[in-house]
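These notes concern the structure reproduced below.
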Amino acid sequence: MNLSLFRQPASAKWYDRRDYVFIEFCVEDSKDVNVNFEKSKLTFSCLGGSDNFKHLNEIDLFHCIDPNLNWLSVDFNNWKDWEDDSDEDMSNFDRFSEMMNNMGGDEDVDLPEVDGADD
């Protein structure tokens, strides 16, 4: 039985901003990905998983697509979530710790007595 003949919608997530809508189609091990933009429709298709199940999503849009910058897309392979910056935060902490360890001056210097320090 050839499972690539069957179609089902891919799982998708979306969010919006004031002027934009973002859609992410979630298919593991996707192959033969095809995204087609028409004037007021978006079509996504691919083969997914080890069984090459065919996914197809067709989305009718309420408004026409703005063709400006349609050649520009996000490079998710190099995406960095700035809210989850734990790696960089730790490197700054390491540098701060090193700086604090180097402070304190020369240990051989005699400090003057401070009256009432023992009280």
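Regarding the range 6-25, can at least one residue be identified that is at pLDDT 90 or above, surrounded by 10 or more Cβ atoms within 10 Å (Cβ to Cβ) and touching a helix residue (DSSP H, G or I) at 6+ places or on another chain (Cβ under 6 Å)?
No, the range 6-25 contains no residue that is at pLDDT 90 or above, surrounded by 10 or more Cβ atoms within 10 Å (Cβ to Cβ) and touching a helix residue (DSSP H, G or I) at 6+ places or on another chain (Cβ under 6 Å).
Which ones in the range 33-69 are of a type in the set (A, V, I, L, M, F, W, C), touching a residue at least 12 places away in the same chain (Cβ under 8 Å) and under 21 Å from residue 8 (Cα atoms)?
Of everything in the range 33-69, those that are of a type in the set (A, V, I, L, M, F, W, C), touching a residue at least 12 places away in the same chain (Cβ under 8 Å) and under 21 Å from residue 8 (Cα atoms) turn out to be 33, 37, 42, 44, 46, 47, 53, 56, 59, 61.
In contact with a Lys or Arg (Cβ under 8 Å, 6 or more places away or on another chain), at pLDDT 90 or above and surrounded by 12 or more Cβ atoms within 10 Å (Cβ to Cβ): does that describe residue 42?
So residue 42 does not fit the description; no.
The values are calculated or read from the model by the stated rules, or taken from the named source; none is laboratory data. Fair warning: this is a prediction, and the values are worked out from it, not measured in the lab. For neighbour counting, all protein chains shown are included, and Cβ atoms are generated from backbone atoms with ideal geometry for every residue, glycine included.
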